[in-house]
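**Q** I have a structure I would like to understand better, so I am pasting it below and will then ask my questions one at a time.
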Amino acid sequence: MTASQIRAVILEVIGQILPDEDLSHLKGDVRIRDQVEMDSMDFLDIIMELRKRYGIEVPEDDYMKLATLDSAVAYLEPRMAHL
Amino acid sequence: MVAPGGVRRLNDRDRIVITGVGLTAPNGNNLLEYRTHLVNVKSCIRKFNVRFMGDVIAGVCDFDPLKYQKKKDLRRGTRAGSTSIYSCQEAVADAGLDLASIDRSRVGIFIGITEHGNVDTEKQIYEISQFNYDTKFVSHHYNPRIVANNPAGEVTLNMGITGPHYTLGAACAGGNMGLIQGCQMLKLDEVDVALGGGVSETIHAFGAFASFRSEGALAAHEDPEKACRPFDRDRNGVVVSEGGCIFVLERLDAALARSARIYGEVVGYAMNSDALDFILPDSGGQARCMSLALRKAGLSPDAISIINTHATGTPQGDPQECKAIRQVFGDNPRAYINNTKCMIGHTMGAAAALELAGNLPSFQDRVVHPTINVDHLDPDCAFDTLVLNKARKVDKVDYILKNAFGMLGINSTVIVKRFER
């Protein structure tokens, strides 16, 4: 997967988790939780979706690396390159 | 102290009244719609597809959960939670209560359930079956969904209510139990407003259908609307339904002070146990329960105007309740007798509350809704005052007695009086 495909996947997953939110203005370099109403249980939904869809395990120590859209793409790119 | 009319004289602070009703049933999403369909005989029982079982016969509600919840809330919560929220919100609105202006730490939520957690447990097991039963795919949402207080707890989150909340596991007596608990908490002065009743999400789990079938107690009929047939010779089991019904309960002095509309006064209730069998009901325990409720209300059996039966349409259950009614009321009761499940199915934890709600308008319109699907009346269930197939206009309705019984021999009776000063 390319970086832009990964970004689209993340946005699609967040859209599924937060169906009431408008994600069209989500900035890549600002914490996602500062832009939309997302709590820790919602965040765990992202982790679960990555596990279910792509078999990707994100260790708890790395959760902060998914804080922004840009950092999430950077973190996942090598892990999803083979997909 | 017993007044000349038979009712114990209580001061207004000790009298509990119903000032709001919120509900969803397979044939109505508010009291007016539901009552209209009960009186005019509109059933809405239909085929419903259940995982592993295919099409079964069930009562399904079509309320709009997005009226009070966001899409995210629905994703996170349970069907029982949504049903509870809808019913509580509707009840509070119906009562004309402005939650923003009252002390929400003095509001309590008491919701009767038959069971809770089966739906999401089955769903989780199905989900992980798609991943070779690897338990790391169990959702982090699972625990808060299946804790027993979930349906009532979701209401607190939705409505900002900070008083006590819990569910009451009382099998199919749950709806009466929620109402009774609400009355008791008001009498104990633990709350000023009680939201009491019952809910059920049972149809969304295959287990209840499968187990009833294994017991030989799941209704079958080529026409779903004829499947639930209490008192009919050819009845063959239960139609499982979902639903919810919550009453706003207040002390009479508070209700009068705010000029609330009063649907009726809860003047008696009782719960007891057969202590005999896991499944089979017992007329003796049921009769003792009705007698106890009458005694608590200070009433003789002849005072009751309507007996709304629990009867579920099983060959084992219906005659037991009829026998119990004969023990308490004699062979020729003065009270009219009817049944609501024939039109909505068995809404399990919601049943008692929904069925009582469906009869409350009788105090005003003096109409007793009918029992349908009785083509060949079982002689063991025959009463001259059984209201069959067509609604009956009567002279006066003073007291309604609502029975609800459940597995493990749990019995409950609630008596509501037409309100008058």
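The values are calculated or read from the model by the stated rules, or taken from the named source; none is laboratory data. Bear in mind that the values here come from a model prediction, so they are computed numbers and not experimental data. A quick note on method: Cβ atoms are made from the backbone with ideal geometry, for glycine too, and the neighbour counts reach across all protein chains shown. What goes into the accessible areas is simple: the full protein's heavy atoms, side chains included, and nothing from ligands, DNA or RNA. Shrake-Rupley method; radii C 1.70, N 1.55, O 1.52, S 1.80 Å.
**Q** Could you tell me which residue of region A:26-63 is farthest from the other protein chains (Cβ to nearest Cβ), considering only residues that are part of a loop (DSSP other than H, G, I, E, B) and of a type in the set (Asp, Glu)?
**A** Selected residue: A:29.
**Q** Determine if region B:203-210 includes at least one residue that is among the β-branched types (Val, Ile, Thr), out of contact with any Cys (no Cβ under 6 Å at 6 or more places or on another chain) and part of a strand (DSSP E or B).
**A** Within region B:203-210, not a single residue is among the β-branched types (Val, Ile, Thr), out of contact with any Cys (no Cβ under 6 Å at 6 or more places or on another chain) and part of a strand (DSSP E or B).
**Q** If you check residue B:253 against the conditions, is it outside any strand (DSSP E or B), open to solvent by 40 Å² or more (accessible area, probe 1.4 Å) and not assigned by TED's automatic domain parsing to the domain that holds residue B:58?
**A** no
**Q** Looking at region B:128-140, is at least one residue among the hydrophobic types (A, V, I, L, M, F, W, C), surrounded by fewer than 15 Cβ atoms within 10 Å (Cβ to Cβ) and within 14 Å of chain A (Cβ to nearest Cβ)?
**A** Yes, region B:128-140 has at least one match.
**Q** Okay, moving on. Taking region B:10-51 only, how many residues are more than 15 Å from residue B:226 (Cα to Cα), open to solvent by 10 Å² or more (accessible area, probe 1.4 Å) and either in the same structural domain as residue B:355 (by TED's automatic domain parsing) or touching a Lys or Arg at 6+ places or on another chain (Cβ under 9 Å) (or both)?
**A** Adding up the residues that qualify gives 6.
**Q** Further question: Looking at region B:183-218 only, could you name the residues that are surrounded by fewer than 23 Cβ atoms within 10 Å (Cβ to Cβ) and of a type in the set (D, E, K, R)?
**A** B:187, B:189, B:190, B:192, B:213, B:215
**Q** On to the next question. Within region B:18-37, track down each residue that is part of a helix (DSSP H, G or I) and within 27 Å of residue B:181 (Cα to Cα).
**A** B:31, B:32, B:34, B:35
**Q** Would you be able to say whether some residue in region B:106-120 is buried (at least 17 other Cβ atoms within 10 Å of the Cβ), within 14 Å of chain A (Cβ to nearest Cβ) and out of contact with any strand residue (DSSP E or B) (no Cβ under 7 Å at 6 or more places or on another chain)?
**A** no
**Q** Only one of A:77, A:57 is under 12 Å from the mean Cα position of the chain (by Cα) and modelled with pLDDT of 95 or more; which?
**A** A:77
**Q** Residues in region B:219-232: is at least one surrounded by fewer than 24 Cβ atoms within 10 Å (Cβ to Cβ) and touching a His at 6+ places or on another chain (Cβ under 7 Å)?
**A** Scanning region B:219-232, I find at least one residue that is surrounded by fewer than 24 Cβ atoms within 10 Å (Cβ to Cβ) and touching a His at 6+ places or on another chain (Cβ under 7 Å), so the answer is yes.
**Q** Also, quick follow-up: Within region B:27-66, which residues are touching a helix residue (DSSP H, G or I) at 6+ places or on another chain (Cβ under 9 Å), of a type in the set (Val, Ile, Thr) and within 30 Å of residue B:393 (Cβ to Cβ)?
**A** B:39, B:41, B:45
**Q** Kindly indicate whether residue B:92 is assigned to a helix (DSSP H, G or I) and at negative phi.
**A** In short, yes.
**Q** Still on this model: Confirm whether residue B:38 is within 14 Å of chain A (Cβ to nearest Cβ) and modelled with pLDDT of 95 or more.
**A** In short, no.
**Q** From A:23, A:83, A:66, which residue is more than 12 Å from every other protein chain (Cβ to nearest Cβ), in contact (Cβ under 8 Å) with a residue 40 or more places away in the chain and not polar (S, T, N, Q)?
**A** Among A:23, A:83, A:66, only A:83 is more than 12 Å from every other protein chain (Cβ to nearest Cβ), in contact (Cβ under 8 Å) with a residue 40 or more places away in the chain and not polar (S, T, N, Q).
**Q** Residue B:62 passes all but one of (1) farther than 30 Å from residue A:22 by Cα; (2) open to solvent by 50 Å² or more (accessible area, probe 1.4 Å); (3) more than 14 Å from every other protein chain (Cβ to nearest Cβ); which number fails?
**A** Tallying (1) farther than 30 Å from residue A:22 by Cα; (2) open to solvent by 50 Å² or more (accessible area, probe 1.4 Å); (3) more than 14 Å from every other protein chain (Cβ to nearest Cβ), residue B:62 fails exactly one: (1).
**Q** Also, I was wondering about something else. When you scan region B:116-147, how many residues do you find that are touching a helix residue (DSSP H, G or I) at 6+ places or on another chain (Cβ under 9 Å) and part of a helix (DSSP H, G or I)?
**A** 16
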